[in-house]
Amino acid sequence: ADVVWVATPALASRITEIRSDAIIVPNALDDRIWKAVKDGRTENKIRILYMGTATHDEELNFLAPVALELSRRFGNRVRFEVVGVTTKILPTGFDRRLPDTDFANLSYPGFVEWFVRQKWDIAVSPLMDGTFNQCKSAIKLMDYAAIGVPVVASKHSEYEAAFGDNQGVVLLENEPAIWIETLVDLI
């Protein structure tokens, strides 16, 4: 290839043996397809979004005791809704959400159109420590911010660089008890 672009400095440093001249181009949202979201809560339930590619089994396992405790405290008034994240059967306390149109399943603009119509109240983005996750960008937090919901996420260098501990984003250590109390406060 004549040029290689990567989204994060961590990813650029990981590929230096293959390509020492990789160009860092930070992720961003395309404002041509990300339209303003109107507040339209219609339910009495709190819907907590967890979205990602099917590479997040470890993070889902981290959230399992959090979901169980919230279920214990709030019953069916609080649900975690998973978009992607894993191909495995979901643990207790989670519901799978799937785009409901072929257009949403076949194109990124279609997915965004479906995504912004959903009525989530809170979004989460845990990231467990590891080489793969160290190279992640903050794109998921950008998606969440675009729908205007508060976000609870792991402390991660790219998350901190993009959002810090403000702008509706709370960055936490990966301790279930801390996540539970933070989510209870938001609920």
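The values are calculated or read from the model by the stated rules, or taken from the named source; none is laboratory data. A quick note: this is a predicted structure, and the numbers were derived from the prediction, not measured. Ideal geometry is used to build each Cβ from the backbone, glycine not excepted, and the neighbour counts take in all protein chains shown. Protein only, heavy atoms only, side chains kept; ligands, DNA and RNA dropped before computing areas. Shrake-Rupley method; radii C 1.70, N 1.55, O 1.52, S 1.80 Å.
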## Note on the structure
Asserting the computed 222 nm helical MRE of the chain (DSSP H runs at least 4 long, -39500 (n - 2.57) per run, divided by residue count, to nearest 500) equals -10000 deg cm²/dmol
### Query
Under 17 Å from the Cα of K155, which lysines turn up, not counting those fewer than eight places away in the same chain?
K136, K140
### Message
Given a 10 angstrom Cα cut-off, can you work out which residue in K140, K155, K88 is the most mobile in a GNM of the chain?
### Response
K88
### Message
I want to verify a result. In a Gaussian network model of the chain, Cα cutoff 10 Å, which of these has the top mean-square fluctuation: S13, S154, S125?
### Response
S13
### Task
Express the carbon and sulfur contribution to the solvent-accessible surface of the range 51-187 as a percent, rounded to the nearest whole number, probe 1.4 angstrom.
54
### Gaussian network model of the chain, springs between alpha carbon atoms under 10 Å - residue of I46, I139, I24 with greatest fluctuation
I24
### Query
How would R32, R14, R79, R117 rank on accessible area, largest to smallest, probe 1.4 Å?
R32, R14, R117, R79
### Task
For D185 and S20, calculate 0.36 nm times their separation in residues minus their Cα-Cα distance, and state this gained length in nm to one decimal.
54.8 nm
### Summary
Under 5 Å from the placed amide H of L127, counting only residues 5+ away or on other chains, we find S154
### Query
In the calculated pair distance distribution of the chain, what percentage of Cα-Cα distances lie above 27 Å?
30
### Message
I'd like to check one number: the per residue accessible area of the chain, probe 1.4 Å, reported in Å² as a whole number.
### Response
55
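What number comes out for the charge environment of G75, summing +1 per Lys or Arg and -1 per Asp or Glu over other residues with Cβ under 13 Å away? Don't jump to the answer; show the numbers that get you there.
Details: positive: K45, R72, R73, R77, R79; negative: E69.
Net charge around G75: +4.
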## Note on the structure
Karplus ³J(HN,Hα) for the range 117-124 (6.51 cos²θ - 1.76 cosθ + 1.60, θ = phi - 60°; Hz, whole; x = Gly/Pro) runs 7, 6, 10, 7, 10, 9, 10, 10
### Message
Given contacts defined as C-alpha pairs under 8 Å and at least six residues apart, what's the relative contact order of the range 55-187, whole-number percent?
### Response
21
